[in-house]
Amino acid sequence: MTDTPTARLLLAIVRRDLRLLVASKATLIPLLVLPALVFVVLPVVAGLAPGVLNLPLDDLDHAVVVLPDLLPAGANLPVDPEGQVITILLVSLLAPMILAVPVMLATVAAASAIAGERERRTLELLLLSPITDRQLLLAKTLGAWVPALVITVVGSAAYQLVSNVLLSGYGVQPFPNLLWMLLTLWVSPAIAAMALLSVVVISGRSRTVQDAMQLGGVLVLPLIGLLVAQSTGILLLTPLHLAVGGGVLWVVAGALLHTGARALRRDVLAMQV
């Protein structure tokens, strides 16, 4: 029973952060526009581009060889070369893009965690709340992690639905499959948690939200490298890679939760109010 008031306070902080997130156009617009572009517009463009632009098909022969390993059991590549290219794009080559969404959403949402409190001059009241430093970090993280996770899961479902519709004419229905299930339900939550905790700590050291967002943007660079490696065939994501990589990300997130609270100590933050 002694934990009940603390739990209520943590929930109140999370709810307040969610309300502020929705109320701010600077954060709400990226939270809506970015997922729409990645999860709806991108698969539509990828599905229509080969036929509309008459893209050369021979350049993707190497991808056709390895793609069946990523398809669900019993699914085959379509006979039509254009259908093969579209399947390659939607199932394999664009897969890393889903990881960029939770990272970028986390950066936008978490940048105002502490820096936003400082700008609104409410940080002092927050520091006087009867919770520990680690609980404060957890509350600030959850306030951004929940919307990033929900948007990613819903967006991934929309992407798979749109892709299946586009590929239905070629007799291929590759979604859902193990690769994308791991991306959506295992790796994306982990990378969002890691990015959030990193940006919240950065936010605690930043004077403004813009500073925190600029520094947090560095976290997207490794994903760009992953996308390039996937598209060039240097690295091909497999369920095993995702299972192991997701586990590593969860361990890193746990370590950040442990060490991040020390970086956001009340005495340090109070000096910056």
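Since every read-out is calculated from the coordinates, none of them should be taken as a lab result. Every value quoted in this text rests on a predicted model; they were computed, and no experiment measured them. Because the Cβ atoms are built from the backbone with ideal geometry, glycine has one as well, and the counts that use them run over all protein chains shown.
Descriptive notes on the structure:
- Distance between modelled label sites at VAL45 and LEU9, nm, 7 Å Cα→Cβ extension: 4.7
- Centre separation in Å (Cα based) which lies between the stretch 124-184 and the stretch 9-34: 15
- Mean Cβ neighbour count within 10 Å, used as a protection proxy, ranking 186-195, 144-153 highest first: 186-195, 144-153
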